[in-house]
Amino acid sequence: MQLSIKEIAKIINAQVFGDETFTINKVSSFEDADELSLTFASDLKFLKKLDKSRAGAVIVPINYEFPANKTILPNILRTENPKNNFFKILAIFNPGKNPNKSIAKNACIGANAEFGQDVSIYSNVYIGDNVKLGHRVVLMPNVFVGDDVTVGNDTVIKPNTTIMEKSEIGCSVLIHSGTVIGSDGFGFTQNSQVHEKIIHAGFVCIGDNVEIGACNTIDRGTFGKTWLKNGVKTDNLVHIAHNVIIDENALLTAQVGIAGSAKIGKNVIFAGKSGMSGHLSIGDNSIVGPCAGVLADVPPNEIVSGMPHMPHKLWLKISRIIPRLPELRKILFSLERRIEKIEKK
Amino acid sequence: MQLSIKEIAKIINAQVFGDETFTINKVSSFEDADELSLTFASDLKFLKKLDKSRAGAVIVPINYEFPANKTILPNILRTENPKNNFFKILAIFNPGKNPNKSIAKNACIGANAEFGQDVSIYSNVYIGDNVKLGHRVVLMPNVFVGDDVTVGNDTVIKPNTTIMEKSEIGCSVLIHSGTVIGSDGFGFTQNSQVHEKIIHAGFVCIGDNVEIGACNTIDRGTFGKTWLKNGVKTDNLVHIAHNVIIDENALLTAQVGIAGSAKIGKNVIFAGKSGMSGHLSIGDNSIVGPCAGVLADVPPNEIVSGMPHMPHKLWLKISRIIPRLPELRKILFSLERRIEKIEKK
Amino acid sequence: MQLSIKEIAKIINAQVFGDETFTINKVSSFEDADELSLTFASDLKFLKKLDKSRAGAVIVPINYEFPANKTILPNILRTENPKNNFFKILAIFNPGKNPNKSIAKNACIGANAEFGQDVSIYSNVYIGDNVKLGHRVVLMPNVFVGDDVTVGNDTVIKPNTTIMEKSEIGCSVLIHSGTVIGSDGFGFTQNSQVHEKIIHAGFVCIGDNVEIGACNTIDRGTFGKTWLKNGVKTDNLVHIAHNVIIDENALLTAQVGIAGSAKIGKNVIFAGKSGMSGHLSIGDNSIVGPCAGVLADVPPNEIVSGMPHMPHKLWLKISRIIPRLPELRKILFSLERRIEKIEKK
């Protein structure tokens, strides 16, 4: 595949500085770009190095000032939001394979199935009873879909994924392999020392435009639902317990764990390996640092770190003090001795 | 489905205060209950709000005193252990689907299989050689069962689960999807810088009434067994290394990791994201706090937190001091200056 | 199976002290060994207890001095590297089952497949288009292999594993169950509050002699590759993000998480539950302690612990000081009072 600078400029609405007839035939990172590559430079760190880039063409911000002398630079495309536009071209160069829009003969499909148009159901998929799939849904090999599940239009479920009964999956959702949706919550009643199983009668509800990473575990509600609202994205190996509610566009990075009945606000970000105790809430736009443990409610628009969590700025200060504790302790003991000396006078 | 208050009272051995002929047709949480719902209130927090509940009926503790005036309250069922009894009724309202008690035509079954009565083996299940399944065992779609595995009566294995060779699974065990039982332990011998594979000749043994969450990884012993005894429960994404022994009724919450050859006592609780180094032991009834790291033996009946772990009460104190370290450091330096001043006099 | 001491001595090149005709019929740990067992003792802790061992035979280091009186000891095999040689014999006693060297009828194989000799493809395996498998490759049941994947000679992929499109797997690799290779990286562009999906056009490259534990998630590069070089070993539930590069013979213990574009040197060890932020590098031979969080570059040959990480020795000191913070605070306040008293004089 190849595109001329002119064609690219048209797609991403860019101003060209250089040779419009020049063609590029691949899309690369700034470091790996060669004379056949398109790349992008959205911040100063890379813009400064433009004259050293061997790239065939570079997408830059709209406010980038063309220098008087072009000869030292690669071809330049000036546009709003270079990163987004770069990934738009990357997607054109990597169209992916079209799903086969057919139902494998060895797929096992239960009673009362209702499928939209152009669904793709691959080998060894198992679909329970009363399952509704929207248009263009793709179920890749070895996917399990339990009874009474609904899946919205344009949703793609990758191989070896498990969707247990009664789950409701929205439109344009992407679920990566190995993920389990609708496992039982971790809830028991105590009978002397024995833990008695609680029936988990609820379900998992996943909104539109949600992406769920590989090997996530999202438990069903005890009753009612565990709910990931529109636009939520989770990385790999994320655990979401029963009855958790995650509001729109929240991001959960890899290995995050959210305990039962927690409530997470809009646009909240949990960094890698962080977690949150049950029955707590965290307000809109708040951020939880890596490895942090949220053990109490967090208001909106906060940044917290540490375990237990505290304001991020405080945590930064403390992270600088802690390595100096041995020294501070020495000072403390030396002061003690000096005071003793003074007192003895 | 619906049940009258009278029918419910009979099932859970309750005293009724209200209209025995009233029928409920669903089971709800206290907050979500409406006039057709049964719910429960086991502690003061909810009992205080009984007069505000819109529930059709509420299960309360045996020592709850009926007020003089019933009119302001929903129908009341007074019983021992309201929570357990509530979940008993919830289970009646959510009977689940009966397994199909048949063997799918496309299941792949090895030599010398010995199956009990009424086993249910779903599509695409793979069963190796010399496998013994007890009565009423359920293997859901895409389950892999390796050679020489035994599974006890009434055990249910959810879809996309992997049981490697030689595993011994007890009776009434429930294993959630994505879990891997019997993977090799992480053990190598060093040959200059190269790590040479050690054969893991052992196996995994799982007792009766064990529940294992989704996407757990339980490694086989190097030799001998990795052993989860009767009544152990694990949440999702739990890692249990080779030759770990977990005694009866221990609880391992989500994302817990237990290193090789660790020994965990009866009724021990590991909170979310906590972990334990190898070759250590923790005594009966001890509790490990969230995100804690156990780096030395823990005696019975202790509560520990922190990384490295310490007594939980001490950790609570320290968690209050640490955010004040900047302030304490300032005091320390101001004392230093004051002492200098005194000394100069 | 049984082997005489003489036969074993020949295999592991050992000097015998005892009865060469004696036969052993199993291989056990030092503690579990009985009169029919071979075991080993490589360090003083066990060598001291040789006279108490009930083992039929014990492998000991080449520098072990035979005592004057053999009668109190089991049969002894003196050799270089007792542990390695012990596991060599263990492997002989546990040969494992030979793969079936056939292709299951119900395996689903795409167009343009190129398979080496003696491949074993089990039931319900799905293989996409343009897949190349080397000689003696084993794909166990329910494995998914996407389009354009290559797998080197003698590689074994355990059941229920997912290898997404374009992955390159080396020779003599072992991948445990539930693992997902080639899921999309966790990368989005921001469009107001909405996260827009970035195409992940790269792939995963895995070198020779790599072992990957159960339920790992290894994301493909955004462009270019995520790369595990020769001899890398990962334990269970490890997360490796897009474009991470892990150099030869590094070890990643269970539940480790490595963020995007991190670079890990040769022979580096990450202990359990540790992690590393993105775009950082850690030099050859460095070690990261359990639960540690690497938040800045680490030079070669360092040992670091804590979150954020610091030199391990410093962390040890601090771990001893932190539990004494309440006491130190008391001292601080008492000094303050004493100074006040002095000042008032």
>> Using the Cα centre of the stretch B:3-93 as origin and beta-carbon charges of +1 (Lys, Arg) and -1 (Asp, Glu), tell me which of B:Val16, B:Phe86, B:Leu38 is placed farthest towards the positive end of the dipole.
In response: B:Phe86
> Just how far, in whole angstrom, is the stretch C:114-177 from the stretch B:296-345 if you go by their alpha carbon centroids?
Replying inline: 55 Å
>> Run the label-point distances for B:Gln193 please: 7 Å along Cα to Cβ, every other copy, nanometres, shortest first.
In response: 5.0, 5.0
>> Using a Gaussian network model on chain A with a 10 Å cutoff between Cα atoms, which of A:Thr222, A:Thr161, A:Thr189 fluctuates the most?
In response: A:Thr189
> With chain C treated as a Gaussian network of Cα nodes joined by springs under 10 Å, which of C:Asn94, C:Asn301, C:Asn160 yields the largest mean-square fluctuation?
Replying inline: C:Asn94
>> Using +1 at the C-beta of Lys and Arg and -1 at the C-beta of Asp and Glu, which of B:Pro99, C:Ser53, C:Ile127 has the Cα lying farthest in the positive direction of the dipole of the protein assembly as shown?
In response: C:Ser53
>> 5 Å is the cut-off here: which amide hydrogens, built 1.01 Å from N in the peptide plane, fall below it relative to A:Val298, excluding neighbours closer than 5 in sequence?
In response: A:Ser281, A:Ile282, A:Gly283
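At a Förster radius of 25 Å, what calculated FRET efficiency corresponds to the Cβ-Cβ distance of C:Lys317 and B:Ser319, to the nearest 0.05?
0.80
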> What does a probe at B:Asp32 reach in the stretch A:246-264, counting residues whose amide N is under 16 Å from the point 7 Å along Cα→Cβ?
Replying inline: A:246, A:260-263
> Going by the alpha-carbon gyration tensor, a ≥ b ≥ c the square roots of its eigenvalues, is the stretch A:3-93 rounded (a/c under 1.5) or, if a/c is not under 1.5, prolate (a/b greater than b/c) versus oblate?
Replying inline: rounded
> Of A:Ser53, A:Ser286, A:Ser102, which has the largest mean-square fluctuation in a 10 Å C-alpha GNM of chain A?
Replying inline: A:Ser53
> How many percent of the accessible area of chain B is carbon or sulfur, using a 1.4 Å probe?
Replying inline: 51 percent
> Under unit Cβ charges (Lys, Arg +1; Asp, Glu -1), what dipole magnitude, rounded to 20 debye, does the stretch B:139-185 have relative to its Cα centre?
Replying inline: 220 debye
> If each of B:Asn13 and B:Asn25 carries a label point 7 Å out from its Cα toward its Cβ, how far apart are those two points in nm?
Replying inline: 3.2 nm
> Residues with beta-carbon under 11 Å from that of A:Leu3, excluding A:Leu3: net charge, scoring Lys, Arg +1 and Asp, Glu -1?
Replying inline: +2
> Where Rh denotes the Kirkwood radius from the mean inverse Cα pair distance, what is Rg over Rh for chain A?
Replying inline: 1.13
> Taking K and R as +1 and D and E as -1, what net charge do the other residues with C-beta under 11 Å from the C-beta of C:Lys83 add up to?
Replying inline: -2
> Taking the label point 7 Å from Cα in the Cβ direction, how far apart in nm is A:Ala111 from each other copy of itself, listed shortest first?
Replying inline: 4.0, 4.0
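So how strong a dipole does the stretch B:81-155 carry about its Cα centre when Lys and Arg Cβ are +1 and Asp and Glu Cβ are -1, to the nearest 20 debye?
Magnitude of the dipole: close to 500 debye.
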>> Suppose R0 equals 51 Å. What FRET efficiency, 1/(1 + (r/R0)^6) with r the Cβ-Cβ distance, do B:Glu196 and A:Ser102 give to the nearest 0.05?
In response: 0.60
> Rounded to the nearest 5, what % of the DSSP beta bridges within the protein assembly as shown are antiparallel ones?
Replying inline: 15 percent
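Residues of A:326-335, mean number of Cβ from any other protein chain within 10 Å of their own Cβ, rounded to a whole number?
Values: counts 5, 0, 8, 8, 0, 5, 9, 3, 2, 12.
Taking all residues of A:326-335 together, the mean is 5.
Taking the solvent-accessible surface of protein heavy atoms with a 1.4 Å probe, what is the per residue accessible area of the stretch B:108-316 in Å²?
Here the residues of the stretch B:108-316 average 29 Å² of exposed surface.
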> For the stretch B:205-224 and the stretch C:8-54, what is the separation of their C-alpha centers, rounded to whole Å?
Replying inline: 30 Å
> Which whole-number percent gives the relative contact order of chain C, counting Cα pairs below 8 Å spaced six or more residues apart?
Replying inline: 6 percent
> Given a 1.4 Å probe, how much area per residue of the stretch C:3-93 is accessible, in Å²?
Replying inline: 51 Å²
>> For a test of the definition: using alpha carbon positions, the gyration tensor, and the 1.5 limit on a/c, classify the protein assembly as shown as rounded, prolate or oblate.
In response: rounded
>> Whole-Hz ³J(HN,Hα) for each residue in the stretch C:161-173, computed from phi via Karplus 6.51 cos²θ - 1.76 cosθ + 1.60 with θ = phi - 60°, x for glycine and proline: what do you get?
In response: 9, 10, 10, 6, 4, 6, 5, 10, 10, x, 8, 6, 8
> For the pairing of chain B with chain A, what total accessible surface becomes buried, with a 1.4 angstrom probe, in square angstrom to the nearest 100?
Replying inline: 4800 Å²
> When Cβ neighbours within 10 Å are restricted to other protein chains, what is their mean count per residue of peptide B:260-266?
Replying inline: 1
> If you plug each phi of the stretch B:276-283 into the Karplus form 6.51 cos²θ - 1.76 cosθ + 1.60 with θ = phi - 60°, what whole-Hz ³J(HN,Hα) values come out, in order, with x for Gly and Pro?
Replying inline: 8, 6, x, 6, 10, 9, 10, x
> When you look at the Cβ of every residue in B:116-126, what mean number of other chain Cβ atoms sits within 10 Å?
Replying inline: 4
> Picking from B:Ile157, B:Ala250, B:Val298, whose Cα lies most toward the positive end of the charge dipole for the stretch B:108-316 (charges on Cβ: Lys, Arg +1; Asp, Glu -1)?
Replying inline: B:Val298
>> Counting only other residues whose beta carbon sits under 11 Å from that of A:Val268, what net charge do I get with K and R as +1, D and E as -1?
In response: -2
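Charges at C-beta only: +1 for Lys and Arg, -1 for Asp and Glu. How large is the resulting dipole of the stretch C:146-217 about its Cα centre, in Debye rounded to 20?
Details: 3 positive and 9 negative charges, 43 e Å.
Computed charge dipole of the stretch C:146-217: roughly 200 debye.
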> From the label point of C:Lys345, set 7 Å from Cα along Cα→Cβ, how far away are the matching label points in the other copies, in nm, ordered shortest to longest?
Replying inline: 0.7, 0.7
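Hey, what did the stretch B:126-172 get for relative contact order, percent, Cα under 8 Å, at least 6 apart?
38 percent
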>> Contact order normalised by length for the stretch C:3-93, with contacts defined as Cα pairs under 8 Å and 6 or more residues apart; what percent is it?
In response: 30 percent
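The values are calculated or read from the model by the stated rules, or taken from the named source; none is laboratory data. Note that this is a predicted model, so its numbers are computed, not measured. When we count neighbours, we look across all protein chains shown, and the Cβ atoms used for this are built from the backbone with ideal geometry, even at glycine. For accessibility, only protein heavy atoms count, side chains too; no ligands or nucleic acids. Shrake-Rupley method; radii C 1.70, N 1.55, O 1.52, S 1.80 Å.
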